[in-house]
Each structure stands twice: as structure tokens, then as C-alpha cells.
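K.L.:
Can you read through this structure? Questions will come right after.
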Amino acid sequence: MGPSLSVVIPAFNEEESIETTLRGIHSYLSKNFDEFEMLVVDDGSEYRTLDRCLALADDWGGRLKPLVHGTHRGYGAALRTGLFSARGDMVFYTDADQQYDISEMNLFVDHL
């Protein structure tokens, strides 16, 4: 069994894209890692970002862990919350708006 991985995903008002983002990340991780967790930090979203995360968390048996800031504290604070909560041997972060293609993580992992 390989190392475990934590993926931190800061999110603010990502109701429209969060489900697609998380499904893509989950699909990639399921194929490439035995042990992983996805930590979504909802940084005080005004919309249904957290609701969409909670619905997926129920389906994925603890692999998705929503974390919540009651008020918007900013990207850096959301990232810190996720990083300090991560339990994997390796920690990676990506944005909730799909700015980065999760499959490019292979470029990093292949060098470990």
C-alpha cells in the first residue's frame, strides 16, 4: 500500500462548480490512491456550497470531510484550516473552481 494523501480544497461561493470539481477529484484519487481524504474548507459561503459537499460526503464513506468557517476569512485562512486538519502522509491542495487539472498531480507523485 502506498502513502496516504490529503487534498485540501478551499471553497467560497462555489455552489455551481463544487460538485463537478469534487466528483473529478474523487474519481482521480480512487483510481490512483488506496488511502485518501478530501478536505473542503467552506470559507463562509453565502450560497449552498456546503450543502452540496455534505450530500457527496454521505456517499463517499468519510473520504470527503467538509470543514466550515462561519464567516469569510479569506483564501489563506481556508488553506491553513485544511492543511492543519490534513491527516495524510502527503498533502496537496487545489482550488474549487477547477483552475487546475487534478490529473496533473501525476507529475508530482511520479517523482516521490
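The values are calculated or read from the model by the stated rules, or taken from the named source; none is laboratory data. Everything numeric in this text was worked out from a predicted model, so none of it was measured. Note that each Cβ is placed from the backbone with ideal geometry, even for glycine, and that neighbours are counted across all protein chains shown. Side chains included, ligands, DNA and RNA excluded: accessible areas come from the protein's heavy atoms. Shrake-Rupley method; radii C 1.70, N 1.55, O 1.52, S 1.80 Å.
K.L.:
Which of these, Gly61, Gly82, Gly24, has the largest mean-square fluctuation under a Gaussian network model of the chain (Cα springs below 10 Å)?
P.N.:
Comparing Gly61, Gly82, Gly24 in a Gaussian network model of the chain, the most mobile one is Gly61.
K.L.:
Based on DSSP, what percent of beta bridges with both residues in the chain are antiparallel, to the nearest 5?
P.N.:
Antiparallel bridges make up about 0 percent of those DSSP assigns within the chain.
K.L.:
Right, next: Leaving ligands, DNA and RNA out of it, report the carbon-plus-sulfur percent of the accessible area of the chain at a 1.4 Å probe.
P.N.:
That fraction is 48 percent.
K.L.:
Let me ask another. Using a 7 Å offset from the Cα along the Cα-to-Cβ direction at both Asn106 and Ala55, what is the distance between the two label points in nm, to one decimal?
P.N.:
3.1
K.L.:
Now a separate question. Sum up the charges of everything whose Cβ sits under 15 Å from the Cβ of Phe84, counting Lys and Arg as +1 and Asp and Glu as -1, but leave Phe84 out.
P.N.:
Summing Lys and Arg as +1 and Asp and Glu as -1 gives +2.
K.L.:
Just the number please: accessible area per residue for the chain, 1.4 Å probe, all protein chains included, in Å².
P.N.:
56
K.L.:
For Cα pairs less than 8 Å apart in space and 6+ apart in sequence, what is the mean separation divided by the residue count of the chain, i.e. the relative contact order in percent?
P.N.:
Once normalised by length, the contact order is 40 percent.
K.L.:
With n ≥ 4 as the cut-off for DSSP H runs, can you work out [θ] at 222 nm for the chain, using -39500 (n - 2.57) per run divided by the number of residues, rounded to the nearest 500?
P.N.:
My calculation for the chain gives -11000 deg cm²/dmol from helical runs alone.
K.L.:
Here's another thing I want to ask about it. Using a 1.4 Å probe on the protein heavy atoms only, what accessible surface does Ile25 show? Give it in Å² to the nearest 10.
P.N.:
Spelled out: Ile25, probe radius 1.4 Å, area about 10 Å².
K.L.:
May I ask you to compute the full-extension gain from Arg48 to Ser30, defined as 0.36 nm times their residue separation minus their alpha-carbon distance, rounded to one decimal in nm?
P.N.:
So the chain would gain 3.9 nm between Arg48 and Ser30.
K.L.:
Give the accessible area for Glu104 in Å² (nearest 10); use a 1.4 Å probe, count only protein heavy atoms, and leave out ligands, DNA and RNA.
P.N.:
Looks like 110 Å² after rounding.
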